[in-house]
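Data block below; observations after.
What follows is calculated from the coordinates using simple rules that are stated; it is not laboratory data. Here the structure is a predicted model, which means the values were calculated and not measured. Please note: Cβ atoms are built from the backbone with ideal geometry, for glycine as well, and neighbour counts cover all protein chains shown.
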Amino acid sequence: MRVMVQSEPFDAAALLDGFGAGAGAVVTFTGLVRGDGGLAALDIEHYPGMTERALEAHARAAADRFGLTDVLVVHRHGHLAVGQPIMMVATAARHRRAAFDAADFLMDWLKSRAPFWKREIGPGGPGGWVAAKADDEDALSRW
């Protein structure tokens, strides 16, 4: 299991080299900063130490719940422009359903509960902090 919180871009191919060796299924998801509504960038903040511990605990919970053989969570912080990767989840399991469900479980939690604070940056500069959305809460309630 690996959890990484970093400001610098990540190389998904390099991170996946050797990931899930011996598993029957590997599922990956990479989230990108969307340019919805004129968004130019996101500023993402977190509390070092606390954030990593929370992500590690949730990754362990996913591994236990879905019988994962490997799990990777990468989340960036700092100033991220539209189109840049913001996060990545990879799960490995003996069977595809467990790998897909675990990835979904992790992504739903990251979207609505992970201790990151996101501020939208538009053409005129900083805007408001991103609030939880009802759709994200509904997705998390599945688990």
Filtering trypsin sites (Lys or Arg not before Pro) in region 10-74 by DSSP loop and by at most 12 other Cβ atoms within 10 Å leaves ARG34
Give the Rg (one decimal place) followed by the Dmax (whole number) of region 35-85, computed from C-alpha coordinates and expressed in Å.
-> 14.6, 41
Is it possible to state the helix-based mean residue ellipticity at 222 nm for the chain, with each DSSP H run of 4+ residues giving -39500 (n - 2.57), the sum divided by total residues, to the nearest 500 deg cm²/dmol? What is it?
-> -10000 deg cm²/dmol
Among beta bridges assigned by DSSP with both residues in the chain, the antiparallel ones amount in percent, to the nearest 5, to 85
What percentages, rounded to whole numbers, describe P(r) for the chain computed over all alpha carbon pairs with 5 Å bin width beginning at zero?
-> 2, 10, 19, 21, 21, 14, 8, 3, 1, 0, 0
Read phi for every residue in region 63-80 and hand back ³J(HN,Hα) as whole Hz from Karplus 6.51 cos²θ - 1.76 cosθ + 1.60, θ = phi - 60°, with x for Gly and Pro.
-> 4, 5, 5, 10, x, 6, 9, 7, 8, 9, 10, 10, 9, 9, 9, x, 8, 10
What's the local net charge at MET87, with K and R +1, D and E -1, over the other residues with C-beta under 10 Å away?
-> +2
Largest-first ellipsoid semi-axes for region 1-83, taking √(5λ) over the Cα gyration tensor eigenvalues, angstrom = 26, 16, 12
Peptide ranges 86-94, 11-19, 41-49, 105-113 listed from the most packed, as the mean C-beta count within 10 angstrom indicates = 86-94, 105-113, 41-49, 11-19
Roughly how tilted is helix 96-112, in degrees to the nearest 10 and between 0 and 90, from the longest Cα axis of the chain?
-> 30
Between the alpha carbon centres of region 68-92 and region 102-137 the gap in Å comes to 13
